[in-house]
1. Cross-link partners among lysines for LYS433, C-alpha distance below 27 Å, same-chain residues fewer than 8 apart left out?
2. Setting aside same-chain residues fewer than 8 positions from LYS459, which lysines have a Cα under 29 Å from its Cα?
3. Amide H to amide H under 5 Å from THR273: which residues, 5+ apart in sequence or cross-chain, H placed 1.01 Å off N in plane?
4. Once you put a point 7 Å from the Cα of ILE478 and another 7 Å from the Cα of ASN319, both along the Cβ direction, what distance in nm separates them?
5. Quick one: length gained pulling ASP260 to ALA297 fully straight, 0.36 nm per residue minus the C-alpha distance?
6. Based on the mean of other Cβ atoms within 10 Å per residue, sort peptides 283-290, 115-122 so the most packed one is first.
7. Let me check something: with ligands and nucleic acids excluded, how do ASP113, ASP234 order by accessible area (1.4 Å probe), largest to smallest?
8. Residue by residue through the stretch 324-334, which ³J(HN,Hα) values in whole Hz follow from phi under the Karplus form 6.51 cos²θ - 1.76 cosθ + 1.60 (θ = phi - 60°), with glycine and proline marked x?
Amino acid sequence: MQILTPEDFVEDLDPSNDLSRRVFVKGLGFVSAALLMGSLGGCEKLADAIRHRPIRRRLRIGSPQVDADIDTYRQAVAAMKALSSGDPRSWTAQAEIHGTVAGGFNFCEHGTDHFFDWHRGYLFYFEKICQKLTGKPKFGLPYWNWNQDPDINPAFLDSSSPLFLGRTRNSMSGSNSITTAELDPIFADTNFFTFRIQLEGTPHNTVHGYIGGTMGTGGSALDPLFWAHHCMVDYCWAKWNIELGNNNTNDATWFNHVNDHFVDADGNPANVTAGITTIMPLLSYQYESSAIGSSPAAAAIKTKAEFQKVEKRIREGANIRFEVKQRIRLADRAVVSVVKSFSTETRVTPQDFARIINTETAQERIFASVDYAQLPPASDFSANSSTPIEDPHYAGSFAFFGTAAPNAAPTGSEHRQQPKFLVNLTNTIQRLKRSQELKEESSISLQLVPVPFAGKFEKEDTQLVLNGIEIIITPVIINPASQ
């Protein structure tokens, strides 16, 4: 993305003074120039800052550029750990914005529609602190593409390095959650809301729990690997949105939501709206593209016209809603033991059941919506991951992450979590229909199978409180061909 000019996105500059200079971004209002670009000055200086914005590269072995990024990151982590405990930029203070090992989450968004944008703001300000403390303003946080490289990069395994922390596992190999077969249906989902729920519940949550140790707790940001993992999650959103041509919602409530409790490079309180985070990958930093599942690395945008087209689409969003065309209740509130599977069957009219199995997949998607009232105190297992992906009855998996014991005193007062998970049933239902295992006079049996990551549960007496399970049918969003 190299050919940019200020008029691509800027309508006006407010030069009242250098410290508060603002850029008016079309459709988003006045934004601090320093917030987005880390630069103050006229239009040409801003445009130059965008052209040469930091690159977030994929962690891998054998790249001198990646090695340099790792070295800068190592320096930044060491510098943050050396700061006084009263400095809000210190390593522990930054981690506690997210949560703590003992107390769970603090101010982060999990299980809500702001999971993506809150963590993007968190990464953005953390990256600015790294740049300031190392004196390297072009540094970009590297991301761990666990789909292409399931093993943790060796730089995080050196016990003498600031990047090291003890973990239960050093690879995601053996987990279905990051495989192409699991990710492709998620990335094929064109609805912002259902894409978010699946990406968070499956690869994001499972990586936290499977890698384990501090990474499996609310204090996961104490592990330097957390930031590389969440850069990957952020890249997943950017790839889906920018490279694959899908749209974020333009709902005003979502767009104007303020994400806060962040700290800027100088230690001052900072915040950012959800709407502003959508354009950050175009103005503030850029990702080195790489493959995720069957979606290949994308070619860079080469012309001004291409950039303008993408920027306009991202900035405007689209009228995306979480619309449910039909709900079929499968189970009501129940207490479920983690050592036993939970099964339920559809009990619906023949007409409703026929509608489910005869759904036109080009127009509608079928999900199992699993809603929990209470999650487990440990995140050492996932649901359904013991069934091989090749099994025709396999639909998908999800994992829990960062939950606290029911009676634990929270360390923060603003964390919002709505423990709901979606599993896409569309392909499984169609597969069973083709094999004649599922007919209009049949019923659908849905089974949740808790599977411990370590072969045994940390606490076998753990119980989950299930609010309910539904089969929901949602419309497929068709993106215009001209996008």
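The values are calculated or read from the model by the stated rules, or taken from the named source; none is laboratory data. Quantities reported herein were computed from a predicted structural model and do not represent experimental measurements. Using ideal geometry, Cβ is built from the backbone for each residue, glycine included, and neighbour counts are taken over all protein chains shown. The area values use the complete protein model at the heavy-atom level, side chains included, leaving out ligands, DNA and RNA. Shrake-Rupley method; radii C 1.70, N 1.55, O 1.52, S 1.80 Å.
1. Result set, ordered by chain and number: LYS325.
2. LYS340, LYS420
3. Under 5 Å from the amide H of THR273 lie the amide H atoms of ASN259, each far enough along the sequence or on another chain.
4. Inter-label distance under the simple model: 1.5 nm.
5. 10.1 nm
6. Descending mean neighbour count gives 115-122, 283-290.
7. Working: ASP113 60, ASP234 5 Å².
These residues rank, largest area first, as ASP113, ASP234.
8. 10, 7, 7, 10, 10, 6, 9, 8, 9, 4, 7
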